[in-house]
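Below is one structure, written out as structure tokens, with a few remarks after it.
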Amino acid sequence: MRSLLSKIFLGGHVMKSFKTLFALMLIVLGSIGVFAQVNTKATVMGKVVDDTGAALPGVSVLLTNVETGYKRTVITDENGRFQAPYLPLGKYNVEASLSGFSKYTAKNLTLSLGDVVTLNITLKPEKLEETITVTAEAPLIETNKVDVESKISDQYIESLPVNGRDFKDFVLLTPGVVEAAGDRVAGEGTRGIMNNLQIDGAGYNSTFFGEQRGSTRIPFTFSQETIKEFNVIQNGYSAQYGDAAGLIINAVTKSGSNELKGSAWWYKRKNEWMSSYAPNEYIKDLDKRQVPDFDLDQFGVTLSGPIIKDKLFYFFAYDGQRKDLTTYREFNPAPGIDEFRQMFPDIVKANEGWWPGTEDNDVYFLKLDWNINEDHHLSFRINYQDFEAINGTNNYRTSGITNNGIEKDKSLSIVAELTSVLNENMYNDLRVQYAREERPRYANTTDMMEVVIGYYDATFGQNNFLPNGLDEDTVEIMGCLETTQLRLVSIIVITNMTTTSSDTRVVGFLSMAITMTLLHGQTMTQIQIQENSISILRHFQILMEELITMLMSMLSILKTSGR
């Protein structure tokens, strides 16, 4: 290990490229999580020619975000080609100019999530300061992408009704996607726990349960009002995606702009507004078919605007739910139940009848966007969710109220993303997330063990899996270094989980994974290193040696490519 480090820091040709190596190490050592990095931005590329079709090198192409004033300038190469990756989403004006030619302007080019837009620009010889202005449109077919994906734009999210205000329900609009067990979604014949949910390019998945953070019991973990758009990738993943055998759901949140905006809403539903004879899953007897008493309120506000015009913006949202409901519990009239009622009337009285419950949820969201300068853009967002459901563990009619429990869930996600133009041919996207989730679950009683009569004709007493809990902390720092010839995606994930079970056992687990993917022309090289809590310390030296060897190999490729 020591000799290897000496070679790295004292070796002649390596020392000359120390800055490049140091930049690579920053990207790698700042990448945490088994979740692959996804693109939260868009790309504009193209070619500039004159009216004879000859390529024009040295053309200045300026892209300006109409809503935030963000600017990016790129220069065409010797073949007249240009590329502007990692552009924040929104509407852009595109200007192309070169001395001796008329200025070209394209207005209102809309860039959506993951777009790769090709613009072919023709400059004509200058005539009395003539300016050519056109209306820009993204192509219907993006020939530069191989992913099979479906997009859900902000028009769908804002216009279509959805029961419960969970944006993930819109995933069902995409072809080949169906509802799966546990209120999940599934596609391409896979299970609902095989999906990878990414929000702002950061993983929003529970490592322990293999589902979204916050579980499927919660009405929503992100407000519908905060989601700008998302896409669903079913197959044909590019190399930057992974950690999914099923769907990749990639969503981005809204940002503030130079325009001050706000919204408020309140939705209410009551059982009195429904037919008293509507079908009911809780009560199967025809003479007792009635709707459980419930009262549902969903409400919230958003506010966004500039802090410093064209520089610093904010977006705030609050979304809440208050749901009060009563459900009916009654044991089946199976053999032996009548005798049980006579022998233990107190137990029957403590479990049957109408019992109250709640499903309350609060979600807070804040996002800041800073146009530091033309080369650097910083985004920071925090999302906090707090859920509690009294008698929310199960809704089986024959399960007594003592067999129920209290469900709680708190989740926090903090994401920062810095997009940088290092030079005219090199870009870096660095993203950091800290996430925490707490899922405590409490039993309604601990005075009596669980009792099951018949084939679940009657169930009461302490639920056999309550109380239990899960605390999960995840840190991700993901980097993507890209030049005109190669792309290096680096991800490291550290997850710390602590679980408690009904028999008071406490289990802790620590895992670390490193994934590095190098795309160089048509060649892809991927290296994965994964360690668990048993071997992290024991194999730390080996892990670091593998990591440094990998960096040296990639540095050699960088030197060979001449970039």
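Whenever a residue of region 67-93 is without any contact (Cβ under 8 Å) to a residue 24 or more places away in the chain, its partners that are in a loop (DSSP other than H, G, I, E, B) and open to solvent by 20 Å² or more (accessible area, probe 1.4 Å), lying with C-beta atoms within less than 6 angstrom and at least six residues away or across chains, give the pairs GLU78/PRO57. Which residues, counting only those in region 59-71, are closer than 18 Å to VAL421 by Cβ and either open to solvent by 40 Å² or more (accessible area, probe 1.4 Å) or of a type outside the set (S, T, N, Q) (or both)? Passing the criteria: VAL59, VAL61, LEU62, LEU63, GLY69, TYR70, LYS71. Restricting region 419-466 to residues that are within 28 Å of THR216 (Cβ to Cβ) and of a type in the set (Phe, Trp, Tyr), the residue that is surrounded by the most Cβ atoms within 10 Å (Cβ to Cβ) is PHE460.
Within region 113-132, being surrounded by fewer than 18 Cβ atoms within 10 Å (Cβ to Cβ) and at pLDDT 90 or above holds for THR118, ASN120, THR122.
How about region 484-508: which of its residues are of a type in the set (S, T, N, Q), at pLDDT 80 or above and open to solvent by 10 Å² or more (accessible area, probe 1.4 Å)? Even if it seems obvious, please write down each step before you answer.
Pass one, region 484-508, residues of a type in the set (S, T, N, Q): 484-485, 490, 495-496, 498-502, 504.
Now narrow it down to the ones that are at pLDDT 80 or above: 495-496, 498-500.
Across region 484-508, the qualifying residues are ASN496, THR498, THR499, THR500.
Within region 76-99, the residues that satisfy the criterion of being in contact with a strand residue (DSSP E or B) (Cβ under 7 Å, 6 or more places away or on another chain) and part of a loop (DSSP other than H, G, I, E, B) are THR76, ASN79, GLY80, PRO88, LEU89, LEU98.
The values are calculated or read from the model by the stated rules, or taken from the named source; none is laboratory data. Just so it is clear, the structure is predicted and the values come from calculations on it, not from any experiment. Here Cβ is always computed from backbone atoms with ideal geometry, including for glycine, and neighbour counts include all displayed protein chains. Please note that ligands, DNA and RNA were not included when accessible areas were found on the heavy atoms of the full protein model with its side chains. Shrake-Rupley method; radii C 1.70, N 1.55, O 1.52, S 1.80 Å.
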